Amino acid sequence: MSCKMAVKRRQFLRYALVGMASAGVGGIFWATRRIDTRTLTVDEALATLDRMRGEELVSATDWSPSHVLGHCAQSVEYSMKGFPEMKSATFRSSVGAAVFGVFRAQGWMRHGLTEAIPGVPDVEPLATPLALARLRQAYLDFAAFKGPLAPHFAYGDLTHADYTIAHVMHLNNHLERLRSASVSP
């Protein structure tokens, strides 16, 4: 067996094992907690963002509230213009697609809450109200977008409906670690 084939075989096996583990773990969570994906809409995301207006926000991660909101805006924006770095086509069509399928089926996601989008410039530091306005505008632009959407850097090709679900789940996951400063932890 050539060295290239051995590397590709190891790579495939690694992806297959990660995929099976993700599906297994995802299956456990899916069986115990499901959210109706019909509630994962741009309108719901906008309503959530509107409730946050005027609130002083506190983050329970190393990222500031402004950074979190800017990161979520980047995700929405890059779905329309294209991500600068992509996982391999093999990853996107296997592990990435499987992971998104589990997330979509359960209606929620878990991911590293301080992991930047690969290849994307650092989030522009803005005051929290401006970062909130940027994210709100990104959702409005996405809702009105009629062109072809870019493949997701990890999940691959997504329909507009699937991207909507992905964006709202992404926001919801980040909002689990943001709270109003007036609410005690």
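Does the stretch 172-183 contain any residue that is in contact with a His (Cβ under 7 Å, 6 or more places away or on another chain) and surrounded by 12 or more Cβ atoms within 10 Å (Cβ to Cβ)?
Taking every residue of the stretch 172-183 in turn, at least one turns out to be in contact with a His (Cβ under 7 Å, 6 or more places away or on another chain) and surrounded by 12 or more Cβ atoms within 10 Å (Cβ to Cβ).
Any residue at all in the stretch 140-159 that is in a helix (DSSP H, G or I) and over 28 Å from residue 54 (Cβ atoms)?
No, that holds for no residue.
Check whether at least one residue in the stretch 107-121 is buried (at least 18 other Cβ atoms within 10 Å of the Cβ), over 13 Å from residue 174 (Cβ atoms) and either within 14 Å of the chain's Cα centre (by Cα) or at pLDDT 95 or above (or both), and report yes or no.
Yes, the stretch 107-121 contains at least one residue that is buried (at least 18 other Cβ atoms within 10 Å of the Cβ), over 13 Å from residue 174 (Cβ atoms) and either within 14 Å of the chain's Cα centre (by Cα) or at pLDDT 95 or above (or both).
Output the residues belonging to the stretch 52-69 that are within 22 Å of residue 41 (Cβ to Cβ) and not in a loop (DSSP other than H, G, I, E, B).
Once the filter is applied, which keeps residues that are within 22 Å of residue 41 (Cβ to Cβ) and not in a loop (DSSP other than H, G, I, E, B), the stretch 52-69 yields 52, 68, 69.
May I ask you to list the residues in the stretch 40-61 that are touching a strand residue (DSSP E or B) at 6+ places or on another chain (Cβ under 7 Å) and among the polar types (S, T, N, Q)?
Scanning the stretch 40-61 gives a single hit, 59.
Output the residues belonging to the stretch 122-150 that are among the polar types (S, T, N, Q) and modelled with pLDDT under 95.
none
Would you point out the residue of the stretch 108-135, among those that are among the charged types (D, E, K, R) and in contact with a helix residue (DSSP H, G or I) (Cβ under 7 Å, 6 or more places away or on another chain), that is nearest to residue 64 (Cα to Cα)?
Out of the qualifying residues, it is 124.
Among the listed residues 151, 125, which satisfies the condition of being touching a residue at least 40 places away in the same chain (Cβ under 8 Å) and exposed (fewer than 15 other Cβ atoms within 10 Å of the Cβ)?
Going through 151, 125 in turn, the sole match is 125.
Just the residues that are in contact with a Ser or Thr (Cβ under 9 Å, 6 or more places away or on another chain) and farther than 13 Å from residue 72 by Cβ, please, taken from the stretch 130-142.
Correct list: 130 only.
Please work out which one of (1) at pLDDT 95 or above; (2) surrounded by fewer than 17 Cβ atoms within 10 Å (Cβ to Cβ); (3) over 14 Å from the mean Cα position of the chain (by Cα) is the condition residue 98 fails and give its number.
(2)
Give me the residue from the stretch 70-93 that is among the aliphatic types (A, V, I, L, M) and outside any loop (DSSP other than H, G, I, E, B) and, out of that set, surrounded by the most Cβ atoms within 10 Å (Cβ to Cβ).
Taking the candidates together, the pick is 76.
Tell me, yes or no, whether the stretch 94-112 has at least one residue that is over 17 Å from residue 165 (Cβ atoms) and assigned to a helix (DSSP H, G or I).
Among the residues of the stretch 94-112, at least one is over 17 Å from residue 165 (Cβ atoms) and assigned to a helix (DSSP H, G or I), which makes the answer yes.
The values are calculated or read from the model by the stated rules, or taken from the named source; none is laboratory data. Because the structure is a prediction, the values reported are computed rather than measured. Heads up, the Cβs are rebuilt from the backbone with ideal geometry, glycines too, and the neighbour counts pull from every protein chain shown.
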